[in-house]
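The values are calculated or read from the model by the stated rules, or taken from the named source; none is laboratory data. Predicted model, so just to flag it, every value in this text is computed and none were measured. Cβ atoms come from the backbone with ideal geometry, glycine included; neighbour counts cover every protein chain shown.
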Amino acid sequence: MNMHSKPLKVTLLALVVGTTSPLYAASKAEPTAKNQPYTLTVTGTGEAKPQKQSATNVDVISQEDIDFISPSHPADLLNRTAGVHVNNLGGEGHMTAIRQPITTDAVYLFLEDGLPTRPTGSFNHNGLYEVNIPQAERVEIIKGPGSALYGSDSIGGIINTLTAPSPEEFELSVNPEVGSDGWKRVLVSTGGPLSTSEPGLGARFNINLTDNKGYRDEASYSRASTTLRLDSTYGEQAQQKTIISYTKVDQAGVASQEFDNYSNQAKANEYHNDVGQRNVDALRISTEFTFDQGDNVRWTLTPFFRDNQMELMPSWMLTYDPNDRNYQFQSYGLLAKYRKKLPDAGVEYILGVDTDYSPSTYREIRLIPQIENGIYTDTNPTGRTNYNYDADQLSISPYIHTEWQVKPSVLLTAGLRYDNFAVDYRDNLSASVVEQRAAPDRFTHFRPDEQSLTYESLSPKLGAVFSLSEQQQLYTNYRHSFRVPGVGELFRSGSTTNSTALKPVKTDSLEIGIRGNWVHNFQYDLTAYYMRVRDDIVSYIDQDSLDRKNTNAGKTHHAGLELSLAKQISAQWYSNLALSVTKQEYDDFTAIVGFPPQVINYGGNDVPRAPKTLATVTLGYEPLNLFGARFELEANHLGEYFTDETNTQVYPGHTLFSLIGSVPVSQAIEIYGRIDNLADRVYSTYTSNQVGDPDISYRPGSPRSFFIGFKAEL
C-alpha cells in the first residue's frame, strides 16, 4: 500500500449517477494512510466502518493503486494482496485461489457494490470479467467466509468491486492505452451534478473498450463495458443510488499444451477460427434506497435485476464430448436491511432478508470438430441436442448481524443466516432422445427426471476485536459457510447417474490475526487460519471410459499464515510485502478411477493445484523533484504445487518481475507505462493432469509485455 496520496485522478469506466448515498458518503470520507490512522470498509456490514473494527481480515485496494497499476487483467491488481492468487487464462479469463486451490469451483462471491453479480447456483469462475475493475473506486477482499450478510459460495473469499460516486463538479477524463500483442484500450469517464437547483443529484458514466489479439495464435479478446451511476439525496435522511452495468465479452478459445510445446512453442494454439470461443452479455440494474430515522436507525432497500447470457464452446471438452451451449438467466430480487444502534448499551444490530428469483435456461448441441494437422479448424453440429432444460431458482435468506462494544477495548460480533434455496427443473427434450450411444459416435448424456430440489443451511458467525492500543488490534472469528450444487452440476449430468443426489459443500473456518500501525510508518497484518471442508464436489474423468463424473468426495482441511507489511522507508522510498504460506490436505477423499473401476483414497495427500506459497514484493520510488511521479518494481511469486491427487508430479512455481511508472506532464495529463514479465520467463498460469494420465497440461503465460498510455482530465 502506497502511503502517499496522489494529486492526479485516474480514469474510471463505470456508468454512475450519484451523490451522497451511504457508499458515496463513505467514499468521500475515506481516509488515506498518509493523513489518517484507519481505512473505511463497507463489505462486512454494507455500511462504512473503520477497518480496525472488523473481526475478520479485510484488504482494501485503493483507487490510487488501481489508477497507478491500470490493470489489464484482474490478476495485475489482486495478486498484490496476501493470500490471493488470480491466474490469467487468456483475455480476462481466470481461476482464483484464496485459501483454496486454483479452482473453477463455486467457492467465491464476486460482488459489485455489495450485490452478487450472479445468483446462487450460477457461478462462473471467470466472473470478474463481468465487472469493470480498471475504473473501480476501490476493491475490498474478505479472505475466508463472509459475515451473515453473505450466503452460498462465500467459502474461499469475497471480492467486492465498488463503483465511483458522482463527482461534485463536472469531470471528463480520457485514458487511451496501447501495448504488446495488439493491446488497445480506452477508458472514458464523465459526470457531475445534474441540476444546479438540486445539489444532491448527480451522475457518472464510464466506458471501457478493450481489444487484444492475445499473445498466442488465434487468441483474440475484446470487451465493451459501461456503467451508469445516479446518486441523489433527499434532505438529511434519504439517499438513492442507482447503478446500471453492462459488459459484453468476446473471447477466443485457448488450448493447454504438453511440455514440449509449452517449452518451445508457447504461442501455438490448437484452436483456430473461434473454436472454443465464449461470448458473454451481462446486464445488472440496482437501486439502493436508504432512509435514516434519526442517528440510530437506517432502512436500506435494494431491488435489482440481472440479465445474463453466455454462449460457450467448452474447449476442455473438445477431445471427448464436443458441444456448443447457451446459458441464460434473468434475476429479480430484493436486498432488504434494517440497522439499529443502541448507544447506551453499546449494541448495533442488523436484520435483513435477501430474496432472489432467477429463472434460467440451458441448451446444448453436440458437435463434430474438424481437425487438420492437429489444429481444430472448425466444428459442425450433428443435429443432436444433448440438453434443453429450464431451471427456476428461488433463494430466500433472512439473517441477523450484531455488534456489541463490551468495553472500549473489546468488540464482539455475532451473526446467523438461514438460506433456503429451491430450484424447479423441467426437461424440454422428448423422452425419445437417447441418452447413450456406443461407438463410433459414442456419448453419454444422462438427463434427470423433472423435479424440484430444496437446500437449506444455517450459518452461524462469531467474532471479536481486542484493541491492544489505539493503533493495534487482535481479532478472531469463527464462520460457517456452504455452497449449494450448481445448476449445471445437478442437471447437466453427463455420465453421472445420480447427479441430483449431490449435497451442499460445508465449511467451518477459524481465524486469528493481529494488525496495526507500528513506529515509523510501519503497517502490518498477520493472520492465521484453519478451514475444514466437508462433502466437496469433485469432477473427474474416468481415463478408460472417458466419462466425466461428479461426486461428493470427502473432507479437506486448509491452513495457513498471511502477512501484509507496508513500510515508508524515506520521503521518497516505500516497500510492501504480501506473503502467504498454506497447507491444504485431504483428510478423506475417495475417487473411482479406471476400468474395471478402482476405489482410491487420497487421505493424507496434498490437495492438487494448491500453491504452498504466494508472495508479492514491491519497491516504490516517488522522487521529490518530480512531484506526482511514481515508480514501482514488483516481484510476484507463485510457489510449487502438485498437479493431481496422486501427488506424483509437481509444478515448481515461478517468480515474475514487473516495472510500473507514471509521470505527470501537466496538472491535467499523466503518462504511464508498464512492463510485465520483465525477465521474459517461460511459465505456466495453470498446470494439471488427470489422475492416471502422465501427460501434464500447461497454460503458457504471456512473455515480456509492454503497455503505455496517458490520462487526460479535460
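Summary table below
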item: Options 311, 348, 364, 288: the member that is in contact with a helix residue (DSSP H, G or I) (Cβ under 9 Å, 6 or more places away or on another chain) and either touching a residue at least 60 places away in the same chain (Cβ under 8 Å) or assigned to a strand (DSSP E or B) (or both); result: 288
item: Odd one out for residue 305, checked against (1) more than 26 Å from residue 152 (Cβ to Cβ); (2) modelled with pLDDT of 95 or more; (3) loosely packed, with under 15 Cβ neighbours inside 10 Å; result: (1)
item: Test: residue in region 466-476 that is within 24 Å of the chain's Cα centre (by Cα) and outside any strand (DSSP E or B); result: no
item: Selection from region 367-383 of residues that are surrounded by fewer than 17 Cβ atoms within 10 Å (Cβ to Cβ) and assigned to a strand (DSSP E or B); result: 368, 369, 370, 371, 372, 377, 378, 380, 381, 382, 383
item: Top-ranked residue in region 202-225 [being of a type in the set (S, T, N, Q) and surrounded by fewer than 21 Cβ atoms within 10 Å (Cβ to Cβ); ranked as farthest from the chain's Cα centre (by Cα)]; result: 220
item: Filtered residues of region 205-236 (kept if outside any strand (DSSP E or B) and either among the acidic types (Asp, Glu) or on the phi > 0 side of the Ramachandran plot (or both)); result: 214, 217, 218, 235, 236
item: Filtered residue count, region 97-125, keeping only those that are in contact with a His (Cβ under 8 Å, 6 or more places away or on another chain), farther than 23 Å from residue 360 by Cβ and in contact (Cβ under 8 Å) with a residue 60 or more places away in the chain; result: 4
item: Residue in region 141-152 that is within 28 Å of residue 617 (Cβ to Cβ) and of a type in the set (A, V, I, L, M, F, W, C) present; result: yes
item: Where residue 282 falls short, out of the listed (1) surrounded by 20 or more Cβ atoms within 10 Å (Cβ to Cβ); (2) of a type in the set (Gly, Ala, Ser); (3) assigned to a loop (DSSP other than H, G, I, E, B); result: (3)
item: From 254, 249, 275, residue being assigned to a strand (DSSP E or B), of a type outside the set (S, T, N, Q) and either free of Cβ contacts under 8 Å to residues at least 60 places away in the same chain or surrounded by 18 or more Cβ atoms within 10 Å (Cβ to Cβ) (or both); result: 249
item: Qualifying positions in region 551-590 - over 17 Å from residue 529 (Cα atoms), among the hydrophobic types (A, V, I, L, M, F, W, C) and surrounded by fewer than 19 Cβ atoms within 10 Å (Cβ to Cβ); result: 565, 569, 571, 573, 577
item: Complete set of residues in region 669-710 that are touching a residue at least 60 places away in the same chain (Cβ under 8 Å) and of a type in the set (A, V, I, L, M, F, W, C); result: 682, 691, 696, 706, 707, 708, 710
item: Residue in region 580-594 that is outside any strand (DSSP E or B) and at pLDDT 95 or above present; result: no
item: All positions within region 486-504 that are under 27 Å from the mean Cα position of the chain (by Cα) and among the hydrophobic types (A, V, I, L, M, F, W, C); result: 487, 490, 491, 502
